Amino acid sequence: MYNKVKLLVEIGKLEVRFEEDSRVITELSNFRDKICSDDILQGAIAFGRLQARIGETTEEIQTINCILTNTKPVPDMSIGELEFTVRTYNVLDRNQVRTVKQITEMSSEGWTKIKNLGRKSYEEIAEKMHGLGLEIASYGESTEVC
């Protein structure tokens, strides 16, 4: 079961951030009511509506999602949890890149310096990060945005 106190704290942070947007405040209020009543299904629906209303992946939304699903915050996730191919996992592991945070902090030049990391492995990493709502630096001199 999720931690209700942590959820209420995160809802409070969003209320402060979006205090000028009555539509977001309405969705936050609905979400809080569903969480307080322990209606998990309706709480999940209310959370989906809140995400849609905000329209962006914020750190607060990611934190709420982690609390609801009892998962680690995204930056703390290990590369082992991302289900990379064996080749990609091994290349990252051998180069001491072991968390999502380390991946997101990598520079364009840093990607090209990783031994045995080719374009295909880079694209796999970029795709996984995109699935988490994160972006990474481009591979080398490419102007491509992932």
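Read-outs throughout are calculated quantities, based only on the coordinates presented, and are distinct from any laboratory measurement. Source: prediction; values computed, not measured. For neighbour counting, all protein chains shown are included, and Cβ atoms are generated from backbone atoms with ideal geometry for every residue, glycine included.
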*Relative to the longest principal Cα axis of the chain, at what angle does helix 119-131 sit, 0 to 90 degrees, rounded to 10?*
10
_Could you give the length gained by full extension between Thr26 and Thr69, i.e. 0.36 nm per residue of separation minus their alpha carbon distance, to one decimal place?_
13.2 nm
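If you place +1 on the Cβ of every Lys and Arg and -1 on the Cβ of every Asp and Glu, how big does the dipole about the Cα centre of the chain come out, in debye to the nearest 20?
It comes to approximately 460 debye.
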*Counting only Cα, what are the radius of gyration and maximum Cα-Cα distance Dmax of the range 44-102, in Å?*
14.5, 42
*Can you give the Kirkwood hydrodynamic radius for the chain, in Å, rounded to one decimal and based on Cα pairs?*
17.0
*Return the distance in nm (one decimal) between the two label points of a simple spin-label model at Cys36 and Asp93, each offset 7 Å from Cα along Cα→Cβ.*
4.8
_Could you work out how much longer the chain between Glu19 and Glu60 gets when fully extended? Use 0.36 nm per residue separation minus the Cα distance between them, nm to one decimal._
13.3 nm
*asked:* Rounded to two decimals, what is the ratio between the C-alpha radius of gyration of the range 4-70 and 2.2 N^0.38 Å?
replied: 0.97
